[in-house]
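**Q** My questions all concern the structure below.
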Amino acid sequence: MEQVHRFGKIKGRAALRRIVAYVAVVVASALFVVSCSSSQTGYPPRVAKFGDSLSFEAEPYYKSLVEAAGETELSYNTFGGTAICDWLSKMREVESDFHPVAVQLQFSGNALTPCMHGYTAGSQAYYEKYRADTQAAIQIFPDAHIYLIGAPITKSEEANPNWDTLNSQYAQIAADDPRHVTYVDAGAAVEGPGRTFVQTLPCLPVEPCIGPVVDGVPSNTIRSPDGVHFCPEKNGDENGVIGGCPIYSSGAYRYAQAMVEALNTST
């Protein structure tokens, strides 16, 4: 454990790569033991991932976890501020060329790009648009298992009792077709009790512990200053785009881990 803490004091890309690789190997080893004891066969051989800035932030951790756990081929397609409709054409290309066995769709509800023009976030038409685009994406991959990934609560949504309406919609779509679609509540990995927004969480045993001590508990900062993203040192800009994080990002790691763990349940 002492070695992990020393990693946390080092900044720079080389040090960050070491941290990501170390954490991924430790977690992948644990997941391997769990999968063997529960008769799971491990990750699917070909996985396609589509998402917005949250998946962009999670990318180094997600890729390292998948690579450390086995020989899964991965098609990773993300960009900040995008919606499902931005990726439908690319999805058709991936299906044609890559033939994924599992597909993860992570979209937290952006309405910033041309294909979402005229759909005001939170309106009935907006949710109907997301439902139609989700169904269109699912239909592109008839032979793959689809994972619809939930987003965490944001700081600005604390006072909104309906903040998780899009997540609930994803969950309902999955419930209507459980053999083909699974909902993954990955957002819960970076939330507090009762689905609340928190800026910090207690450090995980496998990760660097570089954040504040909160009520006597060593913790990591898991959300960005903007209250939306994960990097402790960066805000997202007005279009939901965020750059790479220069230090270890516990929130991005936890979100990636939740998404990757779900692949062990692929049917």
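**Q** Tell me, what is the 1.4 Å probe accessible area of Ser64, in Å² to the nearest 10?
**A** It works out to around 30 Å².
**Q** Next up: Can you pull the accessible area of Phe79 for me, 1.4 Å probe, Å² to the nearest 10?
**A** My reading of the accessible area for Phe79 is about 110 Å².
**Q** With every protein chain kept in place and ligands, DNA and RNA left out, what is the accessible area per residue of segment 186-267? Probe 1.4 Å, answer in Å².
**A** Heavy-atom SASA per residue in segment 186-267 reads 39 Å².
**Q** A further question follows. Could you tell me the relative contact order of segment 64-181? Use alpha-carbon pairs under 8 Å, at least six residues apart, and round to a whole percent.
**A** Relative contact order for segment 64-181 comes out at 27 percent.
**Q** In addition: So, with +1 on the Cβ of K and R and -1 on the Cβ of D and E, and no other charges, what is the size of the charge dipole of segment 95-191 about its Cα centre, to the nearest 20 debye?
**A** 140
**Q** Taking the alpha-carbon centroid of each part, what is the distance from segment 145-159 to segment 240-263 in angstrom?
**A** Distance between centres, Cα-based: 14 Å.
**Q** Rolling a 1.4 Å sphere over the protein heavy atoms, what is the accessible area per residue of segment 28-182, to the nearest Å²?
**A** 46
**Q** Sort segment 60-208 into rounded, prolate or oblate with this rule: let a ≥ b ≥ c be the square roots of the eigenvalues of the Cα gyration tensor; rounded if a/c is under 1.5, and if a/c is not under 1.5, prolate when a/b is larger than b/c, oblate otherwise.
**A** Cα axes put segment 60-208 in the oblate bin.
**Q** Still on this model: Roughly speaking, what is the centre-to-centre gap between segment 98-127 and segment 161-217 when only Cα atoms are used, to the nearest Å?
**A** Result: 19 Å between the Cα centres.
**Q** Hey, any idea what % of segment 124-238's accessible area is carbon plus sulfur with a 1.4 Å probe?
**A** Ligands and nucleic acids excluded, carbon and sulfur give 52 percent.
**Q** Percent of accessible area on segment 58-102 owned by carbon and sulfur, 1.4 Å probe?
**A** On segment 58-102, the fraction of accessible area on carbon and sulfur atoms equals 44 percent.
The values are calculated or read from the model by the stated rules, or taken from the named source; none is laboratory data. All figures in this text were calculated on a predicted structure; none of them were measured in a lab. No Cβ is skipped: glycine too gets one built from the backbone with ideal geometry, and neighbour counts run over all protein chains shown. To get the accessible areas, we keep the full protein, side chains included, count just its heavy atoms, and leave off ligands, DNA and RNA. Shrake-Rupley method; radii C 1.70, N 1.55, O 1.52, S 1.80 Å.
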